[in-house]
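Written out below as structure tokens is the structure these notes cover.
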Amino acid sequence: MNPDTRIFVAGHRGMVGSAIVRALQTKGYHNLLTRSHAELDLTDQSAVRAFFQGEKIDQVYLAAARVGGIHANNTYPAEFIYQNLMIQTNVIHEAWKGGVKKLLFLGSSCIYPRDSPQPIKEEYLLTGPLEPTNEPYAIAKIAGIKMCEDYNRQYGTDYRCVMPCNLYGPGDNYHQINSHVIPALIRRFHEAKIAGIKNVKIWGTGTPLRQFLYVNDLASACLDLMKIERNFFFPRSSSAISHINIGTGEEVSIDRLAHLIRTCVGYMGNFEFDPSMPNGTPQKMLDSSRLKALSFNWCPIDLQTGLTLAYNDFLNNQKFQKEPVTYDQHTSK
């Protein structure tokens, strides 16, 4: 990679895509291509084909996706599987046809079986049933991983996939129904503080365990992973596992997370869990041994610091979406 490398960031307005753009710009990359949904509908194969044929792109970061929390996944399963399949299929295939040799595909830890052994290794993919509340999204992401693997095997491309743990930070979606747990709790506790509400209800039992990664740290890891030589990333053969876990190595219960966010927001009231609502996967502790073995200097910030930064971003950018999350926003469950 050099400063003149022509890089397309798909999903640049979303949390992950915007973080990748910031990271690239900080590193001096200035030849960046971005397109909004109005400018380029990634579900439109002919439009995506024309884009790649006309732009002569060197590298792609595929962060575009239809995403959301448990409610959104349960309410819009058809949109989740259709839009994600179309986006990634069009981008990956047309990138290959357009001569793009290197691509990074953003996935999610929800690709792994619901009751996967802990910590979760990359090879546990497709070894058991998925979590029903996000199965359509997970199926689409699994298809994207396999598509990258098969194109690498047949065409000799260098298409890599990263599976981050739950993400949060600048550019997150704070929709009161369709957001993920950290932005949902930040907004809920903040609004309760402002309104003087003495008690906040939270979905589930509070017992599920999660890893949380600040999105800027993910972007930094993505840039480092794109610089790793192919033989290091795929140590066995061109058909080797193409995805790599990115986790923090630490997990926290949703109950503990709620306490941390309540303190961060400065909410003085109480909260209680609603066990009649779904929990999601009980535990998703990613094994990041492959990442550590690549030996680049990467150290994510701690959760408390990240939550403080996320709350400050929320206060500075209180733009609440009224519609389900669009495809140019990407995160994990």
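The values are calculated or read from the model by the stated rules, or taken from the named source; none is laboratory data. The model shown is predicted, which means the values in this text are computed figures rather than measured ones. Cβ coordinates were reconstructed from backbone atoms using ideal geometry, including for glycine residues, and neighbour counts include every protein chain displayed.
Laid out as a table, the results:
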{"quantity": "Filter result for ILE70 (in contact with a helix residue (DSSP H, G or I) (Cβ under 9 Å, 6 or more places away or on another chain), under 21 Å from ARG13 (Cα atoms), β-branched (Val, Ile, Thr) and crowded, with 19+ Cβ neighbours inside 10 Å)", "calculated": "no"}
{"quantity": "Count of segment 276-304 residues which are free of Cβ contacts under 8 Å to residues at least 40 places away in the same chain and either within 24 Å of GLY206 (Cβ to Cβ) or assigned to a strand (DSSP E or B) (or both)", "calculated": "2"}
{"quantity": "Within segment 146-231, strands (runs of 3 or more DSSP E) holding 1 or more residues that are within 28 Å of VAL60 (Cα to Cα) and touching a Cys at 6+ places or on another chain (Cβ under 6 Å)", "calculated": "158-164, 212-214"}
{"quantity": "Selected residue [in a loop (DSSP other than H, G, I, E, B) and surrounded by 21 or more Cβ atoms within 10 Å (Cβ to Cβ)] from LEU24, LEU42", "calculated": "LEU42"}
{"quantity": "Subset of segment 188-205 (residues that are out of contact with any Pro (no Cβ under 9 Å at 6 or more places or on another chain) and either surrounded by fewer than 20 Cβ atoms within 10 Å (Cβ to Cβ) or within 15 Å of GLY14 (Cβ to Cβ) (or both))", "calculated": "GLU191, LYS193, ILE194, ALA195, GLY196, ILE197, LYS198, ASN199, VAL200, LYS201"}
{"quantity": "Segment 252-268 residues that are exposed (fewer than 15 other Cβ atoms within 10 Å of the Cβ), paired with ones that are part of a helix (DSSP H, G or I) and modelled with pLDDT of 95 or more (beta carbon under 8 Å, 6 or more apart)", "calculated": "GLY266/LYS193; MET268/LYS193"}
{"quantity": "Enumeration of residues in segment 139-186 that are basic (Lys, Arg), more than 14 Å from the chain's Cα centre (by Cα) and crowded, with 21+ Cβ neighbours inside 10 Å", "calculated": "ARG160"}
{"quantity": "Residue count for segment 50-64, restricted to those that are modelled with pLDDT of 95 or more and either buried (at least 19 other Cβ atoms within 10 Å of the Cβ) or not in a helix (DSSP H, G or I) (or both)", "calculated": "10"}
{"quantity": "Candidate set from segment 97-120 (those that are assigned to a helix (DSSP H, G or I) and surrounded by 22 or more Cβ atoms within 10 Å (Cβ to Cβ)); member that is modelled with the highest pLDDT", "calculated": "ILE111"}
{"quantity": "Residue within segment 252-275 that is touching a helix residue (DSSP H, G or I) at 6+ places or on another chain (Cβ under 7 Å), more than 22 Å from ILE186 (Cβ to Cβ), part of a strand (DSSP E or B) and of a type outside the set (Phe, Trp, Tyr) present", "calculated": "no"}
{"quantity": "Search result, residues across segment 187-236 that are without any contact (Cβ under 8 Å) to a residue 60 or more places away in the chain and either farther than 30 Å from PHE296 by Cβ or within 22 Å of the chain's Cα centre (by Cα) (or both)", "calculated": "ARG188, GLU191, ILE194, ALA195, GLY196"}
{"quantity": "Tally of residues being over 24 Å from ILE87 (Cβ atoms) and small (Gly, Ala, Ser) across segment 110-149", "calculated": "2"}
{"quantity": "Segment 83-98 residues that are under 13 Å from LEU62 (Cα atoms), paired with ones that are of a type in the set (D, E, K, R) (beta carbon under 6 Å, 6 or more apart)", "calculated": "ASN84/ARG66; GLU94/ARG49"}
{"quantity": "Those residues of segment 47-61 which are in contact (Cβ under 8 Å) with a residue 60 or more places away in the chain and either in contact with a Phe, Trp or Tyr (Cβ under 7 Å, 6 or more places away or on another chain) or hydroxyl-bearing (Ser, Thr, Tyr) (or both), in sequence order", "calculated": "TYR61"}
